[in-house]
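The values are calculated or read from the model by the stated rules, or taken from the named source; none is laboratory data. Here the structure is a predicted model, which is why all the values come from computation and not from measurement. Backbone-built Cβ (ideal geometry, glycine too); neighbour counts: all protein chains shown.
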Amino acid sequence: MRKVYLFFLIVLIAAFTANQGYSQCKGFAKKICKLELIPYIHDGNYHAAILTEGEEAELYKTFYGGQEYRIAICGSDALSDIQFQIIDSYKNVLYDNTQHNKTRVWDFKLEASQQLKIAVKVPASTQETEYPASGCVAIMFGVKQTTP
């Protein structure tokens, strides 16, 4: 009986701390990163995760032809400049922020609707440290409001 209780206690603690980390990261996305979308209208979704130096993440999103979009990537201060690429279904790199002074925002318009991959990477630090830095990384999407 004691082992079962201990097991459930460990599972409960793990679930709480993972959820708490996500909640803090989502709060970071809402308070800090959402501002990067102005004057575009936020799509209502918060894509955020805790990443450690050297880690990568991918997100797929459908974009519609004729719409003007803004993608904003931001990370907590503990992380170095976040790298990101926008890749189409044919594996063509449409945008690479390392070719543009590691800017955190890209505005674009597609002629046809398509699904794109957003690949985000937290580069490994060049400094020797005991533990790699980790922090929140958010990917935000905005749509330009059209006036009739």
Subject >> Residue, surrounded by the most Cβ atoms within 10 Å (Cβ to Cβ), within the stretch 91-119, restricted to residues that are closer than 21 Å to residue 143 by Cβ and polar (S, T, N, Q) >> reply: 97
Original post:
If a residue has to be within 18 Å of residue 97 (Cβ to Cβ) and without any contact (Cβ under 8 Å) to a residue 12 or more places away in the chain to count, how many in the stretch 36-55 make the cut?
Top reply: 0
**OP:** Would you mind telling me which numbered condition in (1) closer than 16 Å to residue 25 by Cα; (2) touching an Asp or Glu at 6+ places or on another chain (Cβ under 9 Å) residue 52 fails?
**Re:** (2)
Subject >> Among the residues listed as 102, 121, the single one being modelled with pLDDT under 95 and among the charged types (D, E, K, R) >> reply: 102
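Results for (1) in contact (Cβ under 8 Å) with a residue 40 or more places away in the chain; (2) over 21 Å from residue 29 (Cα atoms); (3) within 11 Å of the chain's Cα centre (by Cα), shown as yes or no for each residue.
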position: 57; (1), (2), (3): yes, no, yes
position: 64; (1), (2), (3): yes, yes, no
position: 69; (1), (2), (3): yes, no, no
position: 86; (1), (2), (3): no, no, no
position: 97; (1), (2), (3): no, no, no
position: 121; (1), (2), (3): yes, no, yes
Original post:
In the list 81, 77, which residue meets the criterion of being exposed (fewer than 11 other Cβ atoms within 10 Å of the Cβ), modelled with pLDDT under 95 and not aliphatic (A, V, I, L, M)?
Top reply: 77
Original post:
Can you name the residue in the stretch 11-63 that is among the basic types (Lys, Arg) and under 24 Å from residue 78 (Cα atoms) and is also modelled with the highest pLDDT among such residues?
Top reply: 34
Original post:
All but one of (1) more than 17 Å from residue 124 (Cα to Cα); (2) over 11 Å from the mean Cα position of the chain (by Cα) hold for residue 78; which doesn't?
Top reply: (1)
